[in-house]
């Protein structure tokens, strides 16, 4: 049952989009097909992703009021819960919507990654098991992306670019979710110390790990991470620009 849903709704459609693009792109350039597929899927998920980002921005905006309610009703959990629910209702915020839309995106992102990975490991022979009957098989498959780099090999340049883009994206997220005072002040409790360490790892270590993974796999996977990261960064930039007072 799970396998049927996975292939019917997620993996097979994205895999066939990739095959279709390889078939129509001149010389069957797999690199260009990967770029167009990532952009298409990201744009398809953009309304869902934007909904999540907007909800997070709204929650950030009412954070002072939320803290005030918790301080005011710290000894009465029931009154605190009712006040918080009223605050969400008055501001038309569903605090769970951002979580739901994130989970909705996950299977599409995984299917996109696995499709790219499958193409990059079977470039010479397309796996017909997952190809729709009406989807023509590519007559030519080119692994040399724009005649510059081989997708089946490793690329240090792309891996470094992946790390830079991921850093810019995580830095954008961290800047949006924390204010300057909370970032610069010295942690006073164990909880604050733990949060500080997690922020450091998310901002600096995560981009390095993704860059290393992009390098040790293949140029095809590195290209996927690069375009995906760029699309995510542009999405956050768009949300930040749209949420300014004059917008």
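The values are calculated or read from the model by the stated rules, or taken from the named source; none is laboratory data. Quick caveat: nothing in here was measured; it's all calculated off a predicted structure. Every residue, glycine as well, gets a Cβ built from its backbone with ideal geometry; the counts of neighbours run over all protein chains shown.
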Residues located in segment 142-156, provided they are assigned to a loop (DSSP other than H, G, I, E, B) and under 28 Å from the mean Cα position of the chain (by Cα) = 143, 146, 148, 151, 152, 153, 154, 155
query = All but one of (1) assigned to a helix (DSSP H, G or I); (2) over 18 Å from residue 236 (Cβ atoms); (3) at pLDDT below 85 hold for residue 98; which doesn't?
reply = (2)
query = Is there any pair with a first residue in segment 137-165 that is within 13 Å of residue 120 (Cβ to Cβ) and a second that is assigned to a helix (DSSP H, G or I) and at pLDDT below 85 whose Cβ atoms are under 7 Å apart and which are 6 or more apart or on different chains, and what are they?
reply = 151/120; 152/120
query = Which residues, counting only those in segment 18-34, are closer than 19 Å to residue 226 by Cβ and surrounded by fewer than 19 Cβ atoms within 10 Å (Cβ to Cβ)?
reply = 25, 32
key: Single condition residue 187 does not satisfy, out of (1) modelled with pLDDT under 75; (2) loosely packed, with under 13 Cβ neighbours inside 10 Å   = (2)
inquiry  = Here's a check for you: in segment 53-69, which residue that is at pLDDT 85 or above and in contact with a helix residue (DSSP H, G or I) (Cβ under 9 Å, 6 or more places away or on another chain) is surrounded by the most Cβ atoms within 10 Å (Cβ to Cβ)?
reply    = 69
task = Restrict the check to segment 53-70 and report whether at least one residue is under 30 Å from residue 143 (Cα atoms) and in a helix (DSSP H, G or I).
result = no
query = Is one or more of the residues making up segment 141-157 modelled with pLDDT under 90, closer than 12 Å to residue 22 by Cβ and exposed (fewer than 12 other Cβ atoms within 10 Å of the Cβ)?
reply = no
task = Tell me, yes or no, whether segment 160-182 has at least one residue that is modelled with pLDDT under 70 and part of a loop (DSSP other than H, G, I, E, B).
result = yes
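In this structure, is residue 74 surrounded by fewer than 16 Cβ atoms within 10 Å (Cβ to Cβ), over 30 Å from residue 116 (Cβ atoms), without any contact (Cβ under 8 Å) to a residue 40 or more places away in the chain and in contact with a helix residue (DSSP H, G or I) (Cβ under 8 Å, 6 or more places away or on another chain)?
When the stated conditions are applied, residue 74 passes them.
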remark   = The condition of being buried (at least 17 other Cβ atoms within 10 Å of the Cβ) and farther than 29 Å from residue 226 by Cβ holds, among 49, 83, only for 83
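Take segment 24-52 and flag every residue that is outside any helix (DSSP H, G or I) and touching a helix residue (DSSP H, G or I) at 6+ places or on another chain (Cβ under 6 Å).
25, the sole residue that qualifies.
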